[in-house]
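All remarks here apply to the structure that follows.
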Amino acid sequence: WQLDMPLVYDWEYVSDDSRTANVDARTVTDCAKAFCDMIERAGHNAMVYFNPNQSRNGMYLEELTDYGFWLAMYSQEMTFEYRVDMWQYSDTGTVPGIDGPVDLNLYFPES
């Protein structure tokens, strides 16, 4: 299939009693690399999704710079130290036909 957007590794911490609660940064980073490597070997673009806390405490972001970054940071201004390819800037957007809030993102594709 021809895909227009990257395939994304999205590691989510859900709660203290979830199965993701005690996974260390080394394991999360290694899983992200394995996922992204497999996606790129298959001929697609890979991306890693995270929030600022995850990037500082939950993974070794400096080891993942070969892949696209999708940052969830809810603010009016982009103030992140790495280049990001996509910015999820809100989780309170509205879309006609969808009940409830939706995430809002900006995509910065390389030209």
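The values are calculated or read from the model by the stated rules, or taken from the named source; none is laboratory data. Predicted, not measured: the structure shown is a model, and the values here were computed from it. Note that we place each Cβ from the backbone using ideal geometry, even for glycine, and neighbour counts take in every protein chain shown. Ligands, DNA and RNA are excluded from the accessible area calculation, which covers all protein heavy atoms including side chains. Shrake-Rupley method; radii C 1.70, N 1.55, O 1.52, S 1.80 Å.
Mean projected area of the convex hull spanned by the Cα atoms of segment 35-111, taken over all viewing directions: 6.8 nm². Given a Förster distance of 25 angstrom, what is the FRET efficiency for SER90 paired with GLU62, based on the Cβ-Cβ distance and rounded to 0.05? My answer for the efficiency is 0.40.
In the chain, the portion of solvent-accessible area held by carbon and sulfur atoms comes to 50 percent [1.4 Å probe, whole percent, DNA, RNA and ligands not counted]. In this structure the chain gives 68 Å² per residue of accessible area when probed at 1.4 Å with all protein chains present. Among 90-98, 67-75, 53-61, sorting by the average number of other beta carbon atoms lying within 10 angstrom of each residue, highest first, gives 67-75, 53-61, 90-98.
Each of SER18 and ALA42 was given a label point 7 Å from its Cα along the Cα-to-Cβ line. The distance between the two points is 2.3 nm. Available extension along the chain between MET5 and PHE108 is 35.9 nm, counting 0.36 nm per residue and deducting the alpha carbon span. Would you please classify the overall shape of segment 21-61 from the alpha carbon gyration tensor, given that a ≥ b ≥ c denote the square roots of the eigenvalues, rounded means a/c under 1.5, and beyond that prolate means a/b larger than b/c while oblate covers the rest? Prolate is the answer for segment 21-61, as a/c is 1.5 or above and a/b outweighs b/c.
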